[in-house]
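Step one of this worksheet: look at the structure below.
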Amino acid sequence: MSNSKKSTAFRILRRLVLTFYKRYELVGIENLPKEPAIIVGNHSQMHGPLACELFFPGERRIWCAGQMMNADEVQDYAYHDFWPYKPKYIQWFYKLLSYAIVPLSVCIFNNAHTIGVYHDTRIISTFRNTIRAMENGENIIIFPEHDQSYNHILCDFQTKFVDTARFYYKKTGKDAPFVPLYIAPKLKKMYLGKPIFFDHETPIEQERNRICSYLMEQITDIACSLPEHTVVPYLNISPKLYHTNIAGGHET
């Protein structure tokens, strides 16, 4: 969406965030293919999508929960997905907050560089919009973690986002690259790893497992190769429970 089509409220919000949110440096841009790529990263709570919206270079689209784009779905999704691990004595606050953020959510997610993702029949629109964006030369950024532990860096990946490459091959005859991305909010940096390419001749279930395993391993390796720092996890848990990138390490 061009700036001319973005709402005034969104442009004001974006300017405010840029004022207070420290700029991220992108490391490893030489690993970004010239052709449109599917970039897959750790969610790092709000930091992954926010950093990519504000600071990732070039044309890109970020997969986001489609419920956050629809006013009648925001409250239920936000309350149950964002804050399920908050203490019971304060859950009333997050219940109220989930109602309060509805207009803000609709404004942000319908004006940012987003593609809505659904887990019902509307998933067809997700793949259709994704392939169209890639045909237009845009990169796709996906944060596929879900509520299941993988290691001290990541939660496990949902795998069916890999099907994007299958549809892309059917439309273009090209095997799409997948690029690992590690978001390090405490370092204010984003790190790109080396890509892996989809193989259209391999059964899709094997490709899902192969590509997701590679991406999770590469993101972990990137994180563990860096100076010691606190990893901001996918789950919205107490900061006291955060790990460092050193296996077995906790924030002190």
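Scanning the stretch 173-200 for residues that are closer than 22 Å to residue 245 by Cα and out of contact with any helix residue (DSSP H, G or I) (no Cβ under 8 Å at 6 or more places or on another chain) yields 186, 187, 188, 189.
When the stretch 95-113 is filtered for residues that are open to solvent by less than 30 Å² (accessible area, probe 1.4 Å) and touching a residue at least 60 places away in the same chain (Cβ under 8 Å), the ones remaining, listed by number, are 107, 111, 112, 113.
State which residue is most open to solvent (accessible area, probe 1.4 Å) when the search covers only the stretch 114-123 and only residues that are not hydroxyl-bearing (Ser, Thr, Tyr) and not in a helix (DSSP H, G or I). Step by step, filter the stretch 114-123, then rank; the result is 119. Reported count of residues in the stretch 37-69, each being touching a strand residue (DSSP E or B) at 6+ places or on another chain (Cβ under 9 Å) and not in a helix (DSSP H, G or I), is 18. Hey, can you tell me all the residues within the stretch 167-226 that are touching a Gly at 6+ places or on another chain (Cβ under 7 Å) and open to solvent by 30 Å² or more (accessible area, probe 1.4 Å)? Scanning the stretch 167-226 gives a single hit, 218. Among the conditions (1) within 30 Å of residue 94 (Cα to Cα); (2) modelled with pLDDT of 95 or more, residue 251 misses just one, which is (2).
Among the residues of the stretch 70-102, those that are among the β-branched types (Val, Ile, Thr) and in a helix (DSSP H, G or I) comprise 74, 90, 102.
The values are calculated or read from the model by the stated rules, or taken from the named source; none is laboratory data. Here the structure is a predicted model, which means the values were calculated and not measured. Don't worry about glycine lacking a Cβ; one is built from the backbone with ideal geometry, like all the others, and counts go over all protein chains shown. Surface accessibility is based on the protein's heavy atoms, side chains included, excluding ligands, DNA and RNA. Shrake-Rupley method; radii C 1.70, N 1.55, O 1.52, S 1.80 Å.
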